[in-house]
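Okay, structure first, notes after.
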Amino acid sequence: MAQLNSEAGYTLLEVLGSVVILGLIVTPLLGILGQGLIRVNEGEDYTKAVQLAQGKMEYLMINSSEELISYDSIKYEEDIFEVTISVEHYSENLLLVGLIVNWNEMERDYLYQLKAYRFIV
């Protein structure tokens with residue numbers, strides 16, 4: 001009679017079962033990781049838009065009143081952002097300066113808007 005090998009080990013069925021269970025656990029985690037990366041990219045672009053808008057608004061506020069009035073309405077692109085600047089006479093000595101930053105990422109439109117008042121003499 002032939003003797004069976006008595007070495008202990010896992011059968012093919014046990015190994016396949018372990019792989020399936022591991023796959024069921026890892027698959028949702030990969031989806032969560034992918035969504036996290038998307039949100040990080042969105043946050044990065046939003047931060048860049050805020051910094052761009054604040055920098056442009058600061059530049060507009062330190063310019064002379066005459067130069068600021070000449071802006072009226074300007075639209076230009078910078079990197080992935082589209083910047084729109086508008087200047088309106090709010091009252092005799094007061095200007096309303098508006099700045100809008102638009103961008104599109106992954107087929108979604110985003111917008112960041114700033115408004116400030118500028119006293120003119």
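The values are calculated or read from the model by the stated rules, or taken from the named source; none is laboratory data. From a predicted model like this one, the values you see are computed outputs, not experimental measurements. With ideal geometry, Cβ positions are generated from the backbone for all residues, glycine too; neighbour counts draw on all protein chains shown.
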Quiz item: Considering only region 39-90, how many residues are part of a helix (DSSP H, G or I), surrounded by 11 or more Cβ atoms within 10 Å (Cβ to Cβ) and of a type in the set (Lys, Arg)?
Solution: 2
Self-check item: Of all residues in region 65-84 being modelled with pLDDT under 90 and of a type in the set (A, V, I, L, M, F, W, C), the one that is nearest to Lys48 (Cα to Cα)
Solution: Ile80
Quiz item: Considering only region 91-114, how many residues are touching a helix residue (DSSP H, G or I) at 6+ places or on another chain (Cβ under 9 Å), surrounded by 12 or more Cβ atoms within 10 Å (Cβ to Cβ) and either without any contact (Cβ under 8 Å) to a residue 60 or more places away in the chain or among the hydrophobic types (A, V, I, L, M, F, W, C) (or both)?
Solution: 8
Quiz prompt | Candidate set: region 91-121, residues that are among the charged types (D, E, K, R) and either within 12 Å of Asp45 (Cβ to Cβ) or in a strand (DSSP E or B) (or both); chosen: the one modelled with the lowest pLDDT | solution = Glu105
Quiz item: Would a scan of region 57-72 turn up a residue that is without any contact (Cβ under 8 Å) to a residue 40 or more places away in the chain, farther than 25 Å from Trp103 by Cβ and of a type in the set (Asp, Glu)?
Solution: yes
